[in-house]
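One structure below.
Derivation of every value follows stated rules applied to the coordinates shown; laboratory data play no part. On a predicted model such as this, the values are computed, not experimentally measured, just so you know. Heads up, the Cβs are rebuilt from the backbone with ideal geometry, glycines too, and the neighbour counts pull from every protein chain shown.
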Amino acid sequence: MSAALPVVSRRRRTTDRVARAALLALTLVALVPLVLVLYYLIKEGLGAWSADFFTTDPTGRFLGDPGGIKSAIVGTIIMVALASAIAIPFGIGVALYLVEYGKQSRFANVVRYFVDVMTGVPSVVFGLFVYIVLVVTKVGGSFAAWKGSIALALLMLPVVTRSAEVVLNLVPNALREGALALGAPRWKVVFRIVLPTALPGLVTGSLLAIARAAGETAPLLFTAAFVLGTQLDLSQRMNSLPLQIFNDVGQAQDRLVQRAWGAALTLVLLVLLLTLVARLVQRRSRLT
Amino acid sequence: MNPEDQTTPAGAETAGAGNGAAPRVGPSPGEVAAAAERPPPPAHPTGRAIALRDVDAYYGDAHAIKSATMDYAPNQVTAMIGPSGSGKSTLVRCINRMHEEIPGARVEGEILLDDVDVNAAGVDVVAVRRAIGMVFQKPNPFPTLSIYDNVAAGVRLSGMKGINMRERVEQSLRSAALWEEVKDRLGQPGIGLSGGQQQRLCIARTIAVEPEVILMDEPCSALDPIATLKIEELIHELKQRYTIVIVTHNMQQAARVADTTAFMLDGAIVEHAPTRKIFSTPDDARTEEYVTGKFG
């Protein structure tokens, strides 16, 4: 044993071991609620599942068959689809403006700041906003699915914008310059070079925003409201998975609470599916 | 390092007979054949002259180019040499107005393509860049596009009409000495090529829009010696048809490819003369110190 390279001291070895053990313990504790949530979801939720569960609407009857959650699944898909159709083009458009045109200008930085603020706004505020602006004023009737979609879109917009801005910033400037040096007008550089290069990242960011919107209750509570039957008309009330869960959990009947578990499991699987697709798309990305 | 000492991938591909043979200097038989097949350059595109008259450039408050005045002769290769930060790249970017992509950069003075000031009111920047192409330091093929589409990109992006695209792509790839290497995989992504091939792909992309001047901003600095040699051979051929301005850090490269060489220092053009003169009997003491390696 040479004096130039002394062995690790006993004290340091002990400190190292204690620190490692403490971090591992904290990680395990943090995993406990996560595992329990999944455990109860599957245990209670699977029990509620059946073919009828997905193909019938809630009946609302106090006695007898409570029905399934078809209207909630259909409603969530319709409202989230409309919200995405609004928020994704707007969000990517804002991000394109910020990255390609606004850059570090004062206005662009103000926009960035507001986007950040909007990301932190609680979702119930968006619901309240739409309630006051569109529901109370009776624009095209009172509660309506499209109003719920707008509330969800407001929630998604900053998420889409932020993620799109990050991805667009990852597109190397060398590509923009290469295209500009060929005599390409800027708009063509954006649409033919920048957007295709960023596409996988844009899709991933959008899917995560969709997953987030699909699970929101508060924006829909007083905009799309609650209804039993399957509704395809956007100007009418529309059911949704989060609201179905919200309603059923408060009921005094076990059967209804169990339906809530079933609906919750369905919602989680829906979101999980979106997240998985988002990950797969991200793998195709050439940006790091 | 001497490029001929290495086993060249290109040599291995073309002949396969080079095993144990003495290191070969100059183009391989395959390359010679490719050169013979290459169609004669079309009559019409030819290089045009560029003239700088008292050009000053600024990055915000920093004075990057100080009243540069010089001429780039048509169908000649002009090298820009000088230490880092001397303004070589900045000056070259100003010529096709790429400096406009850098926030805070501005230019004063006249930059004339033949007799037209590229910065004059009403001159379309898109037209300027179509006439004055640019090859960058790092090869930058478009990652979402195939080899074919990369070459076609310039023509498509700049909205040129009435062009036989297949013909134009083949012609451009041949001019960039890349056709033989990629003709069987035009549909594959451009970023699958080696660094040197990528840079030739970028040159092909630039040629495809038929510019009159090609600016090269240290085109070989990211490449190995073999790939560098290929690009240099290519430059010799390209000057038949284009005026070429090449920024380089490598004085040997300037000596090998350039007809005339300009030495820059601190944003000013110190001296512009035939390359032989710059490297043997320069007029300015600073040029002599730089080319003899006393600084920089």
- Task: Specify whether the C-alpha gyration tensor of chain A places it in the rounded, prolate or oblate class, a ≥ b ≥ c being the square roots of the eigenvalues: rounded for a/c under 1.5, otherwise prolate if a/b is larger than b/c and oblate if not.
- Result: oblate
- At R0 = 30 Å the Cβ-Cβ FRET efficiency linking B:MET165 and B:ALA222, nearest 0.05, sits at 0.55
- Please find the FRET efficiency linking A:ASP233 to A:TYR39, where r is the Cβ-Cβ separation and R0 is fixed at 45 Å, and quote it to the nearest 0.05. 0.70
- Note on the structure: B:SER194 and B:GLN240 label points (each 7 Å along its Cα→Cβ direction) are spaced in nm at 2.5 nm
- Label points 7 Å out from Cα along the Cβ direction at A:TRP49 and B:ALA285: separation in nm? 8.7 nm
- Note to self, the protein assembly as shown gives a 222 nm [θ] from helices alone (DSSP H runs n ≥ 4, -39500 (n - 2.57) apiece, / all residues, nearest 500) of -16000 deg cm²/dmol
- Query: In terms of Cα to Cα distance under 19 Å, which aspartates and glutamates are near enough to A:LYS188, apart from those fewer than 8 places away along the same chain?
  - Reply: A:GLU100, A:GLU165, A:GLU177, B:GLU100, B:GLU101, B:ASP124, B:ASP149
- Set the Förster radius R0 to 45 Å, insert the Cβ-Cβ distance between B:GLN252 and A:LEU280 as r into 1/(1 + (r/R0)^6), and round the FRET efficiency to 0.05. 0.35
- Item | Rounded, prolate or oblate (a/c below 1.5 giving rounded, otherwise prolate when a/b exceeds b/c) for the range A:1-123 by Cα gyration tensor | oblate
- Item | Hz values of 3J(HN,Hα) by residue in the range B:256-263 - Karplus curve (6.51, -1.76, 1.60), Gly and Pro given as x | 6, 9, 9, 6, 10, 9, 10, 9
- Query: Rounded if a/c is under 1.5, else prolate if a/b is larger than b/c, else oblate: which is the range B:141-207, with a ≥ b ≥ c the root eigenvalues of its Cα gyration tensor?
  - Reply: prolate
- Query: Which lysines, on any chain, are close to B:LYS138 with Cα under 18 Å apart, when same-chain ones fewer than 8 places away are left out?
  - Reply: B:LYS88, B:LYS230
- Query: At q = 0.08, 0.09 Å⁻¹, what is the log10 ratio I(q)/I(0) for the protein assembly as shown, with the Debye formula run over Cα points and no solvent?
  - Reply: -0.76, -0.86
- Query: Counting only complete DSSP H runs, which helices of chain A cover 27 Å or more along their long axis at the Cα atoms and score a mean Kyte-Doolittle of -1.0 or above?
  - Reply: A:10-48, A:70-96, A:145-170, A:195-214, A:254-283
- Computed over the range B:187-290: relative contact order in percent, which uses C-alpha pairs under 8 Å that are six or more apart: 19 percent
- Item | Simple label model, 7 Å out from Cα along Cβ direction - B:HIS63 to B:GLU110, nm | 2.2 nm
- Considering only the protein assembly as shown, percent of DSSP beta bridges that pair antiparallel, nearest 5: 60 percent
- Message: Can you tell me, using C-alpha contacts under 8 Å and at least 6 residues apart, the relative contact order of the range A:72-240 as a whole percent?
- Response: 39 percent
- Query: Considering the zone a paramagnetic label at A:LEU273 would reach in this model (a point 7 Å from Cα along the Cα-to-Cβ line), which residues of the range A:31-55 have amide N under 17 Å from it?
  - Reply: A:46, A:49-55
- Item | Convex hull projection area averaged over all views, the range A:72-240, Cα basis, nm² | 10.4 nm²
